[in-house]
Amino acid sequence: MNTSSQIQKHLEDNFTKNDIIDLRQEFSRNGLVKVPKLVPEEIKATVHKEILRLLDDHTERRDITLETTDNTPRHLNIVKSDTIKAHSPMLVALRENDHFLNFLGHITEETLHPEVTEDEEFVITRQDRPGDTHGWHWGDYSFALIWIVKMPPVKAGGMLQCIPHTYWNKENARINQYICDNPIRTYSFVAGDIYLLKADTTLHRTVPLTEPATRIMLNMTWASERDYGKLSLQEDDRWWENTQASKAHQNAT
Ligand SMILES: O=C(O)CCC(=O)C(=O)O
Ligand SMILES: [Fe+2]
């Protein structure tokens, strides 16, 4: 059986109609839903292997604060989207797989479109130093699927915190105000977890690492119809792609 049929069969065998309705409800309420059984274990193992291989060969460090998110920090190692695309046909095919996208579309109740700017299709991050974090932010695009490859114990940090149903104004993000005014939900993960995030309307961050520990994930991104024509995509704040982005300030501690 080829990978695409394998995915199709796996989804049919593992999710009932009511499972999908429950996932849909959780996603719309919380902006995040865990779907660790999204693909067969052997495909997940291949995805993890690809991620580790890409990290071995192509890692770049980022230590910045970002103006469009009220100067929240990014301290982490990344593999950029174009690098992933150039070196992993398998991940490219998976992100565009019709069965996969149709299934996720039943959870989101919106079509997932693979066409996003080239620098946003994927990102791999590895956090490993005390203080490493992906600070409070929203996504430019609606949907992100995060594949957790390695996760420290909760004691060491690295969990995800979320405030769903919030909106990004790049001129005045008001992040601390959102944190004051809303409950924050914190999610722990284990290696092998996969979660779907409503990234554009869920304010989120990773809790800073408190000791040396390894946290590795891959982000696959898709657009909703609503995303096309968003003015916010024109801001020069794409810190992962361009270390010189005018809204990214270097070497913050
Ligand atoms: O590392 C995570 O779990 C979240 C990643 C994230 O927010 C992002 O890639 O935009
Ligand atoms: Fe994010």
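Read the figures in this text as sums done on the coordinates, not as results from a lab. In this text, all values refer to a predicted model and were calculated from it rather than measured experimentally. Cβ coordinates were reconstructed from backbone atoms using ideal geometry, including for glycine residues, and neighbour counts include every protein chain displayed.
Looking across the stretch 7-39, the residues that are closer than 16 Å to ILE146 by Cα and not in a helix (DSSP H, G or I) come down to GLY31, LEU32, VAL33, LYS34, VAL35, PRO36, LYS37, LEU38, VAL39.
All of ASP128, ASP119 fail the test of being within 14 Å of ligand 1 (Cβ to nearest atom), farther than 18 Å from ILE7 by Cβ, surrounded by fewer than 22 Cβ atoms within 10 Å (Cβ to Cβ) and over 16 Å from the mean Cα position of the chain (by Cα), apart from ASP128. Under the condition of being touching a helix residue (DSSP H, G or I) at 6+ places or on another chain (Cβ under 7 Å) and among the polar types (S, T, N, Q), which residue from the stretch 95-116 is nearest to ligand 1 (Cβ to nearest atom)? Residue satisfying both the conditions and the ranking: THR108. Taking first residues from the stretch 81-100 that are within 15 Å of MET217 (Cα to Cα) and partners that are among the β-branched types (Val, Ile, Thr) and surrounded by fewer than 16 Cβ atoms within 10 Å (Cβ to Cβ), no Cβ contact under 6 Å between residues at least 6 apart in sequence or on separate chains turns up.
Of the residues ARG226, ARG238, ARG185, the single one that is away from ligand 2 (no atom under 16 Å from the Cβ), touching a residue at least 40 places away in the same chain (Cβ under 8 Å), surrounded by fewer than 21 Cβ atoms within 10 Å (Cβ to Cβ) and among the charged types (D, E, K, R) is ARG226. Of everything listed in (1) part of a helix (DSSP H, G or I); (2) within 16 Å of ligand 2 (Cβ to nearest atom), the single unmet condition for GLN177 is (2). Being under 24 Å from GLU235 (Cβ atoms) and more than 12 Å from ligand 1 (Cβ to nearest atom) is the filter here, so list the residues in the stretch 131-167 that pass it. Matches in the stretch 131-167: SER142, ILE163, PRO164, HIS165, THR166, TYR167.
With respect to LYS170, determine if the residue is more than 16 Å from the chain's Cα centre (by Cα) and within 16 Å of ligand 2 (Cβ to nearest atom). Yes: the conditions hold for LYS170.
PRO164 fulfils the conditions (1) surrounded by 21 or more Cβ atoms within 10 Å (Cβ to Cβ); (2) within 16 Å of ligand 2 (Cβ to nearest atom); (3) of a type outside the set (S, T, N, Q) except for a single criterion, (1).
With respect to (1) more than 11 Å from ligand 1 (Cβ to nearest atom); (2) of a type in the set (A, V, I, L, M, F, W, C); (3) closer than 30 Å to PHE100 by Cα; (4) touching an Asp or Glu at 6+ places or on another chain (Cβ under 7 Å), the lone exception for ILE175 is condition (3). Answer yes or no: is there a residue in the stretch 132-139 that is among the small types (Gly, Ala, Ser), crowded, with 20+ Cβ neighbours inside 10 Å and away from ligand 2 (no atom under 16 Å from the Cβ). Checked against the condition, which is being among the small types (Gly, Ala, Ser), crowded, with 20+ Cβ neighbours inside 10 Å and away from ligand 2 (no atom under 16 Å from the Cβ), the stretch 132-139 yields no hits at all.
Scanning the stretch 140-161 for residues that are within 16 Å of ligand 2 (Cβ to nearest atom) and among the β-branched types (Val, Ile, Thr) returns ILE146, ILE148. You will find that of ILE194, ILE175, the residue that is buried (at least 16 other Cβ atoms within 10 Å of the Cβ) and over 23 Å from GLU115 (Cα atoms) is ILE175 and no other.
What number of residues within the stretch 188-238 satisfy the criterion of being more than 20 Å from ARG29 (Cα to Cα) and part of a helix (DSSP H, G or I)? Residues in the stretch 188-238 being more than 20 Å from ARG29 (Cα to Cα) and part of a helix (DSSP H, G or I): 6 in total.
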